[in-house]
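Undergrad: Before anything else, here's the structure in question.
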Amino acid sequence: MNDENRSSANRLINEKSPYLLQHANNPVDWHPWCPEAFEKAKLEDKPVFLSIGYSTCHWCHVMEKESFEDAEVAKLMNETVVSIKVDREERPDIDNVYMTVCQMMTGHGGWPLSIVMTPDKKPFFSGTYFPKNSGYGRIGFTDLLRRINEAWKSKRDEIEVNASNITGALIEYSEDKDKGNSELSANDLDETYKFFKNRFDSSTGGFGDSPKFPSPHNLMFLLRYWKRTGNSNALNMATMTLTKMRHGGIFDQIGKGFHRYSTDKFWLLPHFEKMLYDQAMLAIAYLEAFQATGEKFYANTADDILEYVLRDMTSHEGGFYSAEDADSEGEEGKFYVWAAEEIFELLDKPDAELFFEVYNLKKDGNFNDESTGNSSGTNIPHLKEDVSKLAMRLGTNEAKLEERLVRIRQELFNERDKRIHPLKDDKMLTDWNGLMIAAMAIAGRVLDKSEYTAAAVKSVEFIQNNLTISDNSLIHRYREGESELNGFLDDYAFLIWGILELYTTTLEPKYLQQALVLQNKQNQLFWDPEYHGFFMTPDDAEKLIVRNKEIYDGAIPSGNSVSFNNLLKLSKITADSNYQKYADKLYKAFGGKVKNSPAGCTMFLNGLDFASGDTIEVVIAGNKEEDKHSDLVKIFFKEYLPGSVILFIGSDEKYKIINELAEFTKDHTTSGSEVSVYICKNYECSLPAKTIEEVMARLK
C-alpha cells in the first residue's frame, strides 16, 4: 500500500484480516475490537456501533459501498457513535454472543450483523443489513443513526434499563443449568428422520423450499439412519440431494467446488462465495455416499471438490485458505456466468451447441436477477441429468461424450481464468483446516489416493509449525507469516477430528498420540466443571458479557457436537473410561436442547448413533510396515462402517506407544507373516481373522 493510501486509512490498516483491510480506507473512523474503542466511547459519551461480517459476504460489500464508503454517512457515524469492525471468522466468540442477541431480539440473524451497545458492551439494538436511505417500510442507516443519537441523549435511562434486561436474558439463556434430565434415545433419531422426511423436496432434493443450504451433516445423519435401520427412504433423501446439488448451479461446473447455498429451490442460482468448510463437509458427505452405494458418481464429485481445493485453496506452506468472494468487479457472480455469444465466440459451433444442450444454456440467459426478477442475460451452467442418460438421449458413447465435455470445460476454464478473479480470503484458520484435514484423510483411504493423504499430512505439519505453541495450545489464525488469536473450541475439536481421520488412514501412532494430547488440552481449557459441556473460549480468554456454549449445528457443526463424536471414538480406541465419562457428561448437559431441536443438532445425533448403534472395534496386527496397506485393511476403508474404529499394531518400535495408549492391545499378536484382524462387534470379540472371507463374515 502506498504512503498516500496509508495516510488516509483508519485504524484497520494495521490488521491482518482481509475483511478488516477491506474497510481500512473507509472514511469511517473504524476501530478493531479493542479496549481503546470502548474507552473512547466512555470518554466521549457515545454508544458503540458494532459491525460484524466476513470478507466474502455479499451484503457486507453492499452495505460498505452504500454507507461506509459514503462521506456523508461516515461523518454522521463519526459524530454519533464509536464504530468497531469485527471479522466473524477471526472472532467467532464475539460473533456468537451478539448473533444470539440479534436472534433473541429480532427472531432472525445474518451478516452484516449490526449491533448498537453501551460502552460497557451491553446491546440495546440489533439488526443486519440496512440500506443508506429509508424506503419501502425499511429504515435507512442514516435515519437509524439519527434516531439512536436522539434516544441516547434524551432516553438514556430507558436505554440503560433495556440494555441490562437484554444482557440479563442473554446470560440466562447462555447459562445452561439443566444438568440433563432429558435423556436422548433412539426414538429421537426416529423423530429427526421424520422431520427431514416431512420437509423433503421429492422433486429437486433438499429440504423445504428456498433458499436451500447444503448442510452436509444432515445428509450424513440420514446415511447413518439408513445404515442403522435399513430405511431406504433415508438413503434416497441423502443421495438424491447430493445428486441434485452436483448437477445444479450451486456446483461450479467449470472450475469445480461448491458455492455457499442456493437462493432458489432448484439448486440453480447460488450465492457465489466458496467457503473452505463447505468443501470439506460436502466432500465427506459424498465420500460416505460412495461407501454406502458404491456409485462412482459420488466418488467423482468428492474428487472434483478436492481438486478445486488443491488447485485454488492451498498455500505452498500446506495450509488451506478460507474462502473466495462472490463478487468481482463489484458484481456478484460475474466471474462465473456466461453470455450466449461468449460461448459461440470461444468454441466451434458443434462444441458450442453441445455445451448449450448439455449445460442448459439459453440465448437470453437461464436465470433471473435475484433482486429485480428480470432476465439476467447470462447463464449458469448446470445439468439436469447424468452424462450416461445424456449420452443415451444424444445417441452417443458415454466415454466419448465425457471426453469431449472435459475438453470443452477446460477451454472455458482457461478463458475464464483470464477474467478478474474474486477476492481470495487467504487467512488460514485452524478449525477450518481441521475440517479439510478430515476430508483429505478420508478421501485418501476411501479413494486410495495418496495425494489427498499427503495434503492432510502437510496441513497437520503446517499447524504444528505455525499454529501450535510449546504447551500444545492452539492459535486460531495465520496470515502473512503471523499467527494470532488464542484457539477457540472449534480449533481443537475440528483439528482432533482431522487428526483422528488421518490416524485411521495412515495408522501412524504419532497421530493418535497427537489427538489424545489435544483432547486433554481441550478438556483442560474449555470444560465447564459445574454444568458440563465445553465453552467456546478458553479459561484465560477475554471476558465478554457472557461465556457461551454452543450445541447448534449451523453451516458447520458445533464444537460440542464434534467433541462428543471425538470423545466417543477416543474412548473406543483406547478403552480409557475417562473419555467416556466426558462424553456421558456432554450427552447429559445438552440432552434437553438437542431433544427440543434435534434437526438442528444432527452432528450431535451422529454421536448418539455411534454410541448406541452397532459398534465395531478393529485391531490389526502385522509384522511388516506394508501390512498397513494390505487388502485386509482396505476392506474397512471401502465399506460404510460409521460405527467403527481401527488400531494397528506392528513389530516396529514405534508401535509400542499403541500398547501404552490402548493397553488392551498388548495381547493382540500375529503369527508368521500373516496379518491378524481382531474384530469386536457390539461388545463381543471373535477369534482373529486372517482372510478377506473371514473378515467379511464377521462384519455381517
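Undergrad: Hey, can you rank 497-509, 355-367 by average C-beta count inside 10 Å, highest first?
TA: So the peptides 497-509, 355-367, ranked by packing, come out 497-509, 355-367.
Undergrad: On average, how much accessible surface per residue is there in the chain, in Å², for a 1.4 Å probe, leaving out ligands, DNA and RNA?
TA: Counting only protein heavy atoms, the per-residue value for the chain is 41 Å².
Undergrad: Rounded if a/c is under 1.5, else prolate if a/b is larger than b/c, else oblate: which is segment 1-149, with a ≥ b ≥ c the root eigenvalues of its Cα gyration tensor?
TA: Since a/c stays below 1.5, the shape of segment 1-149 is classed as rounded.
Undergrad: I've got another one for you. Within the accessible area of segment 301-360, what % is carbon and sulfur when the probe is 1.4 Å and the other protein chains stay in place?
TA: C and S atoms contribute 45 percent here.
Undergrad: Tell me, what is the percent relative contact order of segment 602-700, built from C-alpha pairs under 8 Å that lie six or more residues apart?
TA: 35
Undergrad: Averaging sequence separations of C-alpha pairs under 8 Å and six or more residues apart, then dividing by the length of the chain, give the relative contact order as a whole percent.
TA: Averaging sequence separation for qualifying contacts and normalising by length gives 11 percent for the chain.
Undergrad: Shape verdict for the chain, please, from the Cα gyration tensor: rounded (a/c under 1.5), prolate (a/b greater than b/c) or oblate.
TA: In terms of gyration-tensor shape, oblate.
Undergrad: Strictly under 4.7 angstrom between C-beta atoms: which cysteines of the chain have no such partner?
TA: Lone cysteines by the Cβ rule: Cys34, Cys102, Cys601.
Undergrad: DSSP beta bridges in the chain, what fraction antiparallel, as a percent rounded to 5?
TA: Restricted to the chain, the bridges split so that about 75 percent are antiparallel.
Undergrad: Farthest toward the dipole's positive end in the chain, which of Leu12, Leu507, Gly607, given Cβ charges of +1 (Lys, Arg) and -1 (Asp, Glu) about the Cα centre?
TA: Looking along the dipole axis, the top candidate is Gly607.
Undergrad: Based solely on C-alpha atoms, express the radius of gyration and the Dmax of segment 67-121 in angstrom.
TA: Radius of gyration, then largest Cα-Cα span, for segment 67-121: 12.6, 33 Å.
Undergrad: Please work out how much length the chain gains when fully extended from Ser375 to Glu160, using 0.36 nm per residue of separation minus the C-alpha to C-alpha distance, in nm with one decimal.
TA: 72.5 nm
Undergrad: If you rank Phe290, Phe68 by how much accessible surface each has, with a 1.4 Å probe, what is the order from largest down?
TA: Largest accessible area first, the list is Phe290, Phe68.
Undergrad: Past the 25 angstrom mark, what percentage of all C-alpha to C-alpha distances in segment 286-419 do you count?
TA: 40
Undergrad: Determine how large the accessible area of Lys75 is when every protein chain is in place; take a 1.4 Å probe and give Å² rounded to the nearest 10.
TA: Using a 1.4 Å probe on the heavy atoms, I get roughly 120 Å².
Undergrad: Gain in length, Ser673 to Gln524, computed as 0.36 nm per residue apart minus the alpha-carbon separation, to one decimal in nm?
TA: 49.3 nm
Undergrad: Can you give me the % of accessible surface on segment 409-513 that is carbon or sulfur? Probe 1.4 Å, all protein chains present, nothing else counted.
TA: Carbon and sulfur together cover 43 percent of it.
Undergrad: Modelled label-to-label distance, Arg147 and Glu542, 7 Å Cα→beta-carbon offset: nm?
TA: Result for the modelled spin labels: 2.9 nm.
Undergrad: For the pairs Lys656/Lys690; Lys194/Lys334; Lys449/Lys581; Lys418/Lys449, note any where the Cα-Cα span goes beyond 29 Å.
TA: Check vs 29 Å cut-off fails for Lys194/Lys334; Lys449/Lys581; Lys418/Lys449.
Undergrad: In whole percent, and with a 1.4 Å probe on the protein chains, what portion of the accessible area of segment 81-131 is carbon and sulfur?
TA: For segment 81-131, the apolar C and S fraction of the accessible surface comes to 52 percent.
Undergrad: Let me see the P(r) profile for segment 604-700: every Cα-Cα distance counted, bins of 10 Å, each bin given as a percent of all pairs.
TA: For segment 604-700, the binned pair fractions read 15, 48, 31, 6, 0 percent.
Undergrad: Continuing with the same structure: With +1 assigned to the C-beta of every Lys and Arg and -1 to the C-beta of every Asp and Glu, and no other charges, what is the dipole magnitude of the chain about the Cα centre in debye, to the nearest 20?
TA: 1400
Undergrad: Right, another one. Could you pull out which residues in segment 547-574 have an amide N less than 15 Å from a spot 7 Å beyond the Cα of Phe664, following the Cα-Cβ vector?
TA: Counting backbone N atoms under 15 Å from the label point, the list is 568-574.
Undergrad: Let me make sure I get this right: for segment 215-347, a, b and c are the square roots of the gyration tensor eigenvalues over alpha carbons, sorted descending. Under 1.5 in a/c it's rounded, otherwise prolate if a/b > b/c, else oblate. Which is it?
TA: prolate
Undergrad: Does a label point 7 Å from the Cα of Met104, set along Cα-to-beta-carbon, have any residues of segment 579-615 with amide nitrogen under 20 Å, and which are they?
TA: 590, 592-594, 596-597
Undergrad: Tell me what the chain gives for mean residue ellipticity at 222 nm when only DSSP H runs of n ≥ 4 count, each as -39,500 (n - 2.57), the sum divided by the residue total, rounded to 500 deg cm²/dmol.
TA: It comes out at -15500 deg cm²/dmol, rounded to the nearest 500.
Undergrad: Test of understanding: express the Cα radius of gyration of segment 274-344 as a ratio to 2.2 N^0.38 Å, with N the residue count.
TA: With N residues counted in segment 274-344, Rg over 2.2 N^0.38 Å equals 1.38.
The values are calculated or read from the model by the stated rules, or taken from the named source; none is laboratory data. Every value quoted in this text rests on a predicted model; they were computed, and no experiment measured them. Counting neighbours? That spans all protein chains shown, and the Cβs are built from the backbone with ideal geometry, glycine included. Quick note on the areas: whole protein, heavy atoms, side chains included, nothing else; ligands and nucleic acids left out. Shrake-Rupley method; radii C 1.70, N 1.55, O 1.52, S 1.80 Å.
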